[in-house]
Amino acid sequence: MQIRKYLYVFIFSLTVATGGVHLLSKGFNLLNGATYTAVVFLFIATGIYALRKLDWDFTTESFYHKSILGLFFTYEIIIVARGMPTNYTNIKELVQMDYLFWVYLIPLFIFFDKSLLTLSWLMNAIYFLGIFFLAMCIIKPSLITERATAENFIHPFVFACGFLLLNARYLPRAKKVVAFLALAIGVFSFVFLARRNGIVSYGSLIIAAVALNARYLSASRLFKIFPVIVCIIAIALLSTDAVPTSFTDKLSNRLTEDSRTGIFDYFFSGMKDNEVFGKGMQGEFYYPQGGTSEDGEARETIFYRKGIENGYLQLYLNGGIVYIVLFGLVLLPAVFLGIFRSSNQLTQAAGIVVFLWLIDMAIFGLPRLTLEYILVWICAGICYKTSLRETPDEEISDYFKNIKEHESTLVY
């Protein structure tokens, strides 16, 4: 099946380019320098090629949807035009940095094909990523216990598993288990490494999945209560002496640590006179930085930064208040429609993914070239699809149970 093949190639290429190459470099010391860059570009090019072969759904089912998307994409074009590079060095930088040029293309995934067959293939691809993640945790546990590799390994392979867990009603047991284990391991890794944003993001996905499935899932009572039991046990262990203090030492030390005030002061000072429209795609602000990183690696001294490590402030830097408002006007209605104007768990799950991302952006949630950010925009498109929101749960459930029959009807 050509569409499925190209979808798998795209997901694989994207994941390798945004996480797998870093894994080979930091985890296995197999790539560095020019080789690293060349491999990244190779897989990005492969992903773009596969993307061209996929189906897209450009229909808009409401005047509001059509109008706000028109305004949003027009303003994105203006932001890009204001930061258009003029030399090879700047072009290379834009392509290499995952939070600059690419983030203005990713919202186009709101037009990604929303057929149940394509969504089932997407879930299969996510499931395979989850299996790979669990296998690598067994083969090389240090990947999730060392900060140099953990975040770049966990995010590309695990975040999307939250979408699987939110849709547990439609999935076989194996996919539920893989999705939950991947998310749970991600949470424990972030606790150990004291990555507060990761704890909130992945913990919220698990809690939301438990709440949603406890209401709708009737096939297995054990699955309803199992994640709850595990969460309760984990919280109980973390709050007692049953867990070695070394496991939570880093988190205890960082819970009240303020690591952002200094950079925020420089940021807002540098944004004076640019509050409304921002500074464009290559916007930057003065912030002298050098010394050594938290991992002990020497840092090159720099005086200007293009990243602020906060989703909404990044939008503010590049497009100002106007960009934040348009961003909210696109995604907030998607949340409302998905969660409160839906007849099935699939679109409710999509609405929850978008909602949790909007919360995550207040903590970190930097828009960038990752599967998690792409999934947010795919979910937004699902929420806006009226015909999909009005499909009964039973019909979607039957479709997924008989997916092989639907695949067999396609023309090869």
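Since every read-out is calculated from the coordinates, none of them should be taken as a lab result. Bear in mind that the values here come from a model prediction, so they are computed numbers and not experimental data. Cβ atoms come from the backbone with ideal geometry, glycine included; neighbour counts cover every protein chain shown.
Tabulated values for the structure
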item: Two-decimal log10 I(q)/I(0) for region 88-216, as the Debye equation yields it once each C-alpha is a single scatterer, q = 0.09, 0.10, 0.12, 0.20 Å⁻¹; result: -0.31, -0.38, -0.55, -1.19
item: Euclidean distance of C-alpha centroids, region 103-161 and region 65-97, integer Å; result: 26 Å
item: Around LYS53: net Lys/Arg minus Asp/Glu count, Cβ-Cβ under 12 Å; result: +1
item: Under 5 Å, built H, 5+ apart or other chain: amide partners of TYR287; result: TYR304, ARG305
item: Karplus 3J(HN,Hα) series, Hz, for region 171-188 with 6.51 cos²θ - 1.76 cosθ + 1.60 (x for Gly, Pro); result: 10, x, 4, 4, 5, 4, 5, 4, 4, 5, 4, 4, 5, 5, 5, x, 4, 5
item: Calculated from backbone phi, Karplus (6.51, -1.76, 1.60) coupling profile of region 2-10 in Hz, x at Gly/Pro; result: 5, 4, 4, 4, 5, 5, 4, 4, 5
item: Amide proton proximity set for PHE112, modelled H, under 5 Å, gap of 5+; result: ASP57
item: Computed label-point distance, nm, for sites LYS5 and THR86 using a 7 Å Cα→Cβ extension; result: 4.7 nm
item: Hydrodynamic radius of region 1-54 per Kirkwood, over alpha carbon pairs, in Å; result: 11.3 Å
